[in-house]
Amino acid sequence: MLLGSEATYERYLWPADTTVAEGNWKFGEGYAHDILGDLLSGTVGWIDWNLLLDEHGGPNHLKNDCDAAAMANSTAQELYWHPQYYYMGHFSKYIVPGSVLLKATVTAEQARPADENSTDPSAWWYYGKCSDAKMQAGSFLRPDGLVATVVLNCGDQEIAYKIKAGKHRVLSLTVPAHGIQTVLHAHDG
């Protein structure tokens, strides 16, 4: 049984405009990319090791400043919900316990860098980096008989796509640039 874990963005990776109060939407997108990739690779779940941190990005055992789905400003007595929280909701709310991964095919081209051994954080495969992967999707049959299809667009343009829901139904949809959406639909077998 595989379980994905150990996700965070250390402060040295934060773009200059990232604040503790608002977080960064790219971090949420990166979490979704990692979660979806892990689930499509056979993990049975995913946990976040830093669900709530203080305004300094701690405490943690390494004493490095990190980001989290929620940040607490203990001085101001405020709680900030970061984008990762909302992206994780597409998985935790719709892919309920007992759900089973179904075969899903994404036919959009996937961009790849020339050097996959690079340590450059902008490379497509680098941890939490969605970049040019464009569209990713996973479909999960839930115990209630519905299918939850999570669609993630990492590209700079909206993408029109179709979900074949059974033998005779096709859902035509569009996911916005840098957007995530979850579609609940019937499973026709």
Subset of the range 145-160 (residues that are part of a strand (DSSP E or B), out of contact with any Cys (no Cβ under 8 Å at 6 or more places or on another chain) and more than 15 Å from Ser172 (Cβ to Cβ))
Leu146, Val147, Ala148, Val150, Asn153
Residues located in the range 155-177, provided they are under 18 Å from Phe140 (Cβ atoms), under 20 Å from the mean Cα position of the chain (by Cα) and of a type outside the set (Ser, Thr, Tyr)
Ile163, Leu173, Val175
Would you pick out the residues in the range 141-181 that are among the β-branched types (Val, Ile, Thr) and surrounded by fewer than 17 Cβ atoms within 10 Å (Cβ to Cβ)?
Val170, Thr174
Options Ser41, Ser5; residue that is open to solvent by 60 Å² or more (accessible area, probe 1.4 Å) and not acidic (Asp, Glu):
Ser41
Qualifying positions in the range 133-148 - among the aliphatic types (A, V, I, L, M) and under 15 Å from Thr182 (Cβ atoms)
Met135, Ala137, Leu141, Leu146, Val147, Ala148
Just to be sure, is Tyr31 touching a residue at least 24 places away in the same chain (Cβ under 8 Å) and open to solvent by 20 Å² or more (accessible area, probe 1.4 Å)?
no
So in the range 64-105, with the set limited to residues that are among the polar types (S, T, N, Q) and open to solvent by 60 Å² or more (accessible area, probe 1.4 Å), which one is farthest from Ala137 (Cα to Cα)?
Thr75
Looking at Trp25, is it under 12 Å from the mean Cα position of the chain (by Cα), among the aromatic types (Phe, Trp, Tyr) and open to solvent by 30 Å² or more (accessible area, probe 1.4 Å)?
yes
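The values are calculated or read from the model by the stated rules, or taken from the named source; none is laboratory data. It should be emphasised that the depicted structure is a prediction, and the values quoted were computed from it without experimental measurement. Note: ideal-geometry Cβ built from the backbone for every residue, glycine included; neighbour counts use all protein chains shown. SASA here: full protein model, heavy atoms, side chains in, ligands and nucleic acids out. Shrake-Rupley method; radii C 1.70, N 1.55, O 1.52, S 1.80 Å.
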